[in-house]
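Data block below; observations after.
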């Protein structure tokens, strides 16, 4: 089950309009700012959006990129996904876009980019906090070509990054008959009911590290 690792979901007070196909918006974020600071394998993202205008469905694209020294999106896509507005609401709702596999690294900054295919006026609107943004791990930005970016440190896009602890199959071993076996899954008995163990942490040097 995916966990909400990084997010900013408060203070939404204005909308970003996708009023042409030459419009990209981004939000940079840093793993560990609002969530657990550990590596995560991204599963999906959510943005607070509403569809407007008559031309639906339209395709919506999400991309995760690295950032450069100025905190702007750079390079090729690390993870990407797409969806359509077919089932989206005409009222503000957190909509999900499934993403391709990629491990986001603890304490590292990335950029979440959202753009659409349609040139329909205001086909999609995305909520931001433009009056009192308090997310310290990044900021909003915009582009007309998807490569040259203008960052807006006075705004934050509302977003959620969902993922799982990367599975290597060798995070934990157990000794069975004097032979160490990889642990791929684990259960614990609670009140005579066996429950799946999602993760295990070990205190190493006064720092809790995920080992399973």
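Read the figures in this text as sums done on the coordinates, not as results from a lab. As the structure is a computational prediction, the values presented were derived from the model and not from experiment. Positions of Cβ are backbone-derived with ideal geometry, glycine not excepted, and every protein chain shown enters the neighbour counts.
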Computed E for residue 3/residue 93 - FRET, C-beta separation, R0 25 angstrom, nearest 0.05:
0.75
Cα gyration tensor of region 46-130 - equivalent ellipsoid semi-axes, whole Å, descending:
26, 13, 12
Here the Kirkwood hydrodynamic radius of region 1-109, Cα-based and in Å, equals 15.3 Å
